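See structure below.
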Amino acid sequence: MALKSLTEALGLLGKKPLVWIPGLFAAFAVLLTYYVFMLFGATAGFATGAAMLILLPAFLAGTYGLIIGGAFAAADFRKYAAYGYFRCLITNVLVLLIGFVLSNTLTYILLMVGISLDIAMYFSIFLIVPLVFFFYFADISAIVHNLSPFRALKDSAFRVAMGSIQITAFYLFNIALIFAAFFIFSGVWSVLASDALMPLAGMTEAEILALSQAELLALFTAPEILSSGAISLAACCLLFLPVFVSYKACFYKRSLLDLSSHAPREEEEGAFDEKGRWYKYS
């Protein structure tokens, strides 16, 4: 199922243009954040990036709805985006908060018992892995099954636990895609920034090691380096984010959607209006 879902996702990218919207938005967000940062400073750039991240769940929810619902009209995208925005946003924010609190708590505990900071940080990073593993589908569960954020986390964990070896294959394919994205990012960035990196390439190992932190920081924060990084990141977002989102939705639809969940559902009877707003029947 993992391979079939990936094949289906790649096929959708060629047949259904709307599934590219998350990638287009992410690429636009990266470039906009970069230019605001360069023109107005770090504070404005950070605020712009945060605003773009807050808007991103609408595009994720719209794409999830298209793929799982099987309707690919622009009106359907708007409807699913409006319906699923807050479900997707709040659920993902909750996962981030849980990861942040647990990782920091573990770091403090390890530091208190005498573990070095580097080792404590490694343990904290490893703590994030099971969170991602079990809660990766929580936003889709919140949208599809109309669950509250905490129940969506429980539902995602249950479906992942019941997914057997197909889940492992799914994550392995995702890891391969991450490596591919990193490889393309590195290649594009090195080509675009080749002129700025030329002095570094001509140095010996001893000369590089002799550089101070201030000199290295000045080198890697040069305008050519930053612009090349922004363009490379935007290109990777454009190419790979639609793949990740489509693959996730296709796999959920094929392998996890029909699993009976133990998480209680909040069933509501209602309908959408023409603007995508949900009205509950009284």
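Can you bin the stretch 1-103 into rounded, prolate or oblate? Criterion: square roots of the alpha carbon gyration tensor eigenvalues sorted a ≥ b ≥ c, rounded for a/c under 1.5, prolate for a/b above b/c, oblate for the rest. Because a/c hits 1.5 or more and a/b exceeds b/c, the stretch 1-103 counts as prolate. Note on SER212 and GLU224: the model spin-label points, each 7 Å out from Cα along the C-beta direction, lie 2.3 nm apart. Counting neighbouring Cβ atoms within 10 Å and putting the fewest first, the residues ASP195, ASP155 line up as ASP195, ASP155.
Give me MET198, MET38, MET1 ranked fewest to most by other Cβ atoms within 10 Å of their Cβ, as a rough exposure proxy. Please list the in-between numbers first.
Details: MET198 9, MET38 14, MET1 18.
By the 10 Å Cβ count, ascending: MET198, MET38, MET1.
Maximal additional length on extending the PHE46-PHE126 stretch stands at 26.1 nm, based on 0.36 nm per residue less the C-alpha distance. Ordered by the number of other Cβ atoms lying within 10 Å of each residue's own Cβ, fewest first, VAL93, VAL188, VAL113 fall into the sequence VAL113, VAL93, VAL188.
Taking 0.36 nm per residue of separation and subtracting the Cα-Cα distance, full extension of the segment from PHE133 to LEU53 would add 26.6 nm.
Go ahead and collect, in residue order, the members of the stretch 220-262 whose backbone nitrogen is under 15 Å from a label point 7 Å along the Cα-Cβ direction of LEU102. It comes to no residues whatsoever. When the P(r) of the stretch 2-257 is calculated, the portion above 25 Å amounts to 55% of the C-alpha pairs. Highest mean packing first, where packing is the average number of other Cβ atoms within 10 Å per residue, the peptides 158-168, 239-249, 22-32, 204-214 line up as 239-249, 22-32, 158-168, 204-214. In order along the stretch 7-15, phi translates into HN-Hα couplings of 4, 4, 4, 5, x, 5, 5, x, 10 Hz, rounded to whole numbers, per the Karplus curve 6.51 cos²θ - 1.76 cosθ + 1.60 with θ = phi - 60° and x for Gly and Pro. Comparing Cα centroids, the stretch 1-76 and the stretch 124-170 end up 21 angstrom apart.
All of the numbers you see were taken from the coordinates with simple rules; none came from a lab. Please read all numbers here as calculations on a predicted model, not as lab measurements. Counting neighbours? That spans all protein chains shown, and the Cβs are built from the backbone with ideal geometry, glycine included.
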